[in-house]
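Written out below as C-alpha cells is the structure these notes cover.
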Amino acid sequence: MENSEHTAPDLTPEPADTSAPSASETGVDETGPDETHVDGARKDPDTPRLIALLGSGLLVVILIAVVVWFAISTSALARENAIKDVAGAYLTAIADADADDALGKLAERPANTALLTRDVLEASRRTTPLTDIEITAVDQDGAEATAGATYRLGDERVSTRLRLVGDGRTAWKIAGGTATLTVPDVRGLSVNGATLTETANPAFPGTYTAAPRSSYLRLDGETTAFIGDPAREGAQIAVTPTLSDAGHDAVLTAVKTRFDECLAATVSRPADCPFGVSTEGVEIAPDSVRWRLTNDPWAGFAPTVDPSSLVASGTFHLEITGTATVTINGLTGEVSQPFAQDRAFEVDLAQSPAVVVWR
C-alpha cells in the first residue's frame, strides 16, 4: 500500500478586521451621529445657541430698562431737590435779611426796590423774625413748578405755595416772590427806615411800619402792615401825615415870636409885619407909634403842613389898635386907630430857626 502524505489544515484563526466600516458601508450620515432625547425625539443642535442669544437680548433689554428707569427717577429727584433748594434758599435769605440774595432768587427783579433792602429786612426781623422754614410738597409741570412752604413769621404760622419757573430740570427761580405794599400818601414818612417815592412798593414777607421823617410830623391812621404770604394780596399803610404836637408848638412859637417883634415896632408900617397904617397926608412923630393887641389870635390856631417840604401854613384873626402922635393941618395930637383883619402865614420848619412869611 502506497504511503501518502497528507498536510494537516491550518486551524489558526485569522485576525479580525478591526477597521471601522465606512460611512457608505453603514449608511450613516458622516456629519455626526444622530442625537436623540431619551424620549426618542430629535434634538436641534442650534437650540442652545438660540437660547443663549435670546437670553443675552433679554438681559440687554432689562439693563436698558433699568438704566432708563434710574435716569428718569434720578432726574425727577434732582428736579424736585433743585426746586426745594431754591424755595428754601429764598426764604432763608429773607430770614437772614440778605436782600441781595433773595433778589437773586427772583425770576424778575422789581424796578422799585425801595423796600427790598437789608436795612428794611433788618427792621422787620427785629419785630417779627422769620423762622421754622419747611419746604413740603413739590409739583412740576414742564417749566413751571410750585413748592409748598411753611414758616413762622413772628407769632404767626404761615402756609403758602411758592411759584417757580425754570428750564424744567435743575435751574429754577421764584416767580411772584414779592407782595405789594401800598402807601397812598408817602409824603414825609419812611417805612422800615426807607424813603418811598411810589405808592405801590414790592415787599418781601415781613412787618412794615411807617414813621414820620421829622419830629414835627405825626401819622394819623394804622402805621403797621403785615405781609405773611407773598402769593396773596398785599397790604396797605393808609396814614395821613399831619403836624405833631411838637410841630404845632414850633409853628406857634415862630409865628408868635415874629408877631411880637412886629408889635414892638414904633413905626406906622413895620417891615415884614402883618399890619400897619397909612401915613398919607399926615405927619407922625418919630418913634411915637404904639401897637396894642386887643384879642387872642392864638386861641384857634390850627396850622396845616405840607409833609414833603415841612412848610406849615394857616391864618389867624387879629384885632389891634395903633396909637401915634400925629400932626394934621398944623394941629398935633395923639391919635388911636383900631382895625381887625385875618392874616395868612407860612412857616418853613425845614430851616433853623424857622422862617415866617406873611401872606
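Values in this text are rule-based calculations from the coordinates and carry no lab data. Predicted model only: the values in this text are computed from it and were never measured. Please note: Cβ atoms are built from the backbone with ideal geometry, for glycine as well, and neighbour counts cover all protein chains shown.
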- Task: Any chance you could list P(r) for region 258-358, counting all Cα-Cα pairs in 10 angstrom bins from zero, rounded to whole %?
- Result: 14, 40, 27, 14, 5, 1
- Note on the structure: Protection proxy (average C-beta count within 10 Å per residue), highest first, orders 112-120, 202-210 as 202-210, 112-120
- Task: Before anything else, pin down the relative contact order of region 77-243: Cα pairs under 8 Å, at least 6 apart, normalised by residue count, whole percent.
- Result: 21
- Message: Assuming 0.36 nm per residue, please report the length gained on full extension of the stretch LYS256 to ASP348 beyond their Cα-Cα distance.
- Response: 31.7 nm
